[in-house]
Structure formats: C-alpha cells, structure tokens
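A short write-up of the structure that comes next.
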Amino acid sequence: MTTHDPELRATVLAALCRIAPEVAPAELRPDVPLRDQVDLDSMDWLNFLVALHGRLGVDIPEADYRKLVTLDDLVAYLAARSPQR
C-alpha cells in the first residue's frame, strides 16, 4: 500500500479523534506538525500512539516517536510496518 492509503489514514484520524474529539480531520494539513495543529499533551500523544499500536498491531518504539511529526509521517511509518498491509 502507498503512504496515501486512505484506509490507513482514516484509521489514524479515527484514533486521533478518540483522543482529541475536538479535532476536525478535514482541517488537518498532512505536512504540518500534528501537535502544532492539535492540542495534545505528552500523555495524549502517548495514548494516541498506543491506540494505533492496538488497532494496527504495529510496534512503535519510543526511539521512533521523534520521527512521527506530521500526519504523512505517521501514515508512512505505519504503512511500512503494518502486518495488515
């Protein structure tokens, strides 16, 4: 699958909306740092990444957290590592 996988992107956005229900997914820019667009503290961010792990079965080591900045970064990272893809 490509990094533009709409199903994977929808899964990421759904997980984000469960953590931050005020998010309007249509207004998110895929190339802008996500935490600049959404008010997530470090615990919310961790819960978001844990939710993605639970939904997709992708291990996200703490060492990789700094690589996951934008929505595009997340989708590409998860697409490359997802056993379901």
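The values are calculated or read from the model by the stated rules, or taken from the named source; none is laboratory data. From a predicted model like this one, the values you see are computed outputs, not experimental measurements. Ideal geometry is used to build each Cβ from the backbone, glycine not excepted, and the neighbour counts take in all protein chains shown. These area figures cover heavy atoms from the full protein model, side chains too; ligands, DNA and RNA do not enter into them. Shrake-Rupley method; radii C 1.70, N 1.55, O 1.52, S 1.80 Å.
Remarks
- Hits in segment 39-67 - residues which are without any contact (Cβ under 8 Å) to a residue 24 or more places away in the chain and in contact with a Phe, Trp or Tyr (Cβ under 9 Å, 6 or more places away or on another chain): L40, W45, L46, L49, I60, D64, Y65, K67
- So L8, is it in a loop (DSSP other than H, G, I, E, B) and open to solvent by less than 70 Å² (accessible area, probe 1.4 Å): no
- Checked against the criteria, V23 counts as more than 23 Å from P83 (Cα to Cα) and either modelled with pLDDT under 95 or assigned to a helix (DSSP H, G or I) (or both).
- Unmet requirement for D64, which otherwise passes all of (1) at pLDDT 95 or above; (2) open to solvent by 60 Å² or more (accessible area, probe 1.4 Å); (3) not basic (K, R): (2)
- Condition met for D44 (open to solvent by 50 Å² or more (accessible area, probe 1.4 Å) and farther than 15 Å from L8 by Cβ): no
- Condition met for V38 (open to solvent by less than 60 Å² (accessible area, probe 1.4 Å) and over 18 Å from L8 (Cα atoms)): yes
- For segment 51-61, residues that are exposed (fewer than 15 other Cβ atoms within 10 Å of the Cβ) and either within 23 Å of P6 (Cβ to Cβ) or among the basic types (K, R) (or both) total 3.
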